[in-house]
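Report on the structure given below.
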Amino acid sequence: MQIIKVKDYEEMSKKASDILSDKLKGKPKLVLGLATGSTPEGLYKLLIEQYKNNEISFKQAKTFNLDEYVGLDRQDSNSYYYYMNNQLFKHIDIPLEQTNIPNGIATDSDKECSDYEKLIKEQGGIDIQLLGMGLNGHIGFNEPGTPFTSRTHVVTLDESTRQANARFFDSLDDVPTNAITMGIETIMDSKEIVMLVSGEAKASTLQQVIQGEVTKDVPATILQRHPNVTIIADEAALSKV
Ligand code: GLP
């Protein structure tokens, strides 16, 4: 595990955008795993800037997002499809057909999950997977207790996750109860992983992720067993390490 300690959110975003744009320059056909939430927003802004300055192009890249809420269609402003379009895709040159996000309104969600796995395999796997981390240590939407052998699956969201994410919705009742997420093994199959963590609220969880034992109770601790992980975290997030 490589830990990069940065001053604040801005520096974290800058460091992450430098890493991702270098990868993209070295491999234009990069298969990029993407994340949502507020953590990567600054990174996406910087990638858009670099694209606008003609420093990088996403024309040949492929993307796979980690997760999507069940029951929200693509037009719903809280769907991760909508988020990705607004935060990144519509501002860059990636053809939309090269972007992949689980379909939260698929009629057969089990098939949606196995199809998603197949798609990732067909592209030769994910070269670099970006991760945020939930307060309880979830990655994607793999909540505490999720088996490390899980592949893309439908999950029931923890009450604490629904509460944490309620800030994006009109009310807690509007937050979906289920989601489709890449499994922990799907994430661990990525050739490289970059996780971004910012803010004091995540400090004790991050301490466990870096120094604690590997346990299903804190899903991100599994990253200790990945051969190529970089955690970029700010001083506040690393204040307990
Ligand atoms: C959501 C997403 C995760 C994300 C987490 C943290 O639950 N499914 O992929 O990492 O929230 O969100 P934030 O970055 O807003 O703290």
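None of the figures in this text is laboratory data; all of them are computed from the coordinates on show. Keep in mind that what you see is a predicted model, and the values were worked out from it rather than measured. Here the Cβ positions follow ideal geometry from the backbone for every residue, glycine too, while neighbour counts run over all protein chains shown.
Return the residues of the stretch 118-133 that are within 16 Å of the ligand (Cβ to nearest atom) and surrounded by fewer than 24 Cβ atoms within 10 Å (Cβ to Cβ); say none if nothing qualifies. Before you say what the answer is, go through the steps one by one.
Within the stretch 118-133, the subset within 16 Å of the ligand (Cβ to nearest atom) is 126, 128-133.
Within the stretch 118-133, Ile128, Gly132 meet the criteria.
Quick one: in the stretch 134-155, which of the residues that are within 13 Å of the ligand (Cβ to nearest atom) and either surrounded by fewer than 14 Cβ atoms within 10 Å (Cβ to Cβ) or small (Gly, Ala, Ser) (or both) is farthest from Pro227 (Cα to Cα)? Steps first, please.
In the first step, residues of the stretch 134-155 are kept if they are within 13 Å of the ligand (Cβ to nearest atom); the result is 134-144, 146, 155.
With either surrounded by fewer than 14 Cβ atoms within 10 Å (Cβ to Cβ) or small (Gly, Ala, Ser) (or both) added as a condition, the list becomes 134, 137, 140.
Working: Gly134: 22, Gly137: 19, Gly140: 19 Å.
This residue is Gly134.
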TODO: Quickly run through the stretch 189-213 and pick out the residues that are part of a strand (DSSP E or B) and closer than 17 Å to Lys7 by Cα.
DONE: Met195, Leu196, Val197
- [ ] Of the conditions (1) more than 21 Å from Leu32 (Cα to Cα); (2) surrounded by 20 or more Cβ atoms within 10 Å (Cβ to Cβ); (3) of a type in the set (Val, Ile, Thr), Ile101 clears all except one; give me its number.
- [x] (1)
- [ ] Kindly check whether there is at least one residue in the stretch 49-62 that is among the β-branched types (Val, Ile, Thr), under 18 Å from the mean Cα position of the chain (by Cα) and surrounded by 15 or more Cβ atoms within 10 Å (Cβ to Cβ).
- [x] no
Open item on the list: Can you say whether Leu46 is more than 19 Å from Ile232 (Cα to Cα) and in contact (Cβ under 8 Å) with a residue 24 or more places away in the chain, as far as the supplied structure shows?
Closed with: no
Task: Exclusive hit being surrounded by 13 or more Cβ atoms within 10 Å (Cβ to Cβ), farther than 20 Å from Phe169 by Cα and among the acidic types (Asp, Glu), set Glu112, Glu41, Glu68 - done: Glu112
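Test of understanding: among Ile184, Ile193, which residue is within 17 Å of the chain's Cα centre (by Cα), surrounded by 22 or more Cβ atoms within 10 Å (Cβ to Cβ) and touching a residue at least 60 places away in the same chain (Cβ under 8 Å)?
Ile193
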TODO: Could you grab me the full set of residues in the stretch 15-38 that are within 16 Å of the ligand (Cβ to nearest atom) and acidic (Asp, Glu)?
DONE: none
TODO: Please give the strands (runs of 3 or more DSSP E) falling wholly within the stretch 1-105 in which 2 or more residues are in contact with a helix residue (DSSP H, G or I) (Cβ under 9 Å, 6 or more places away or on another chain) and either more than 22 Å from Phe141 (Cα to Cα) or not charged (D, E, K, R) (or both).
DONE: 2-6, 31-34, 62-65
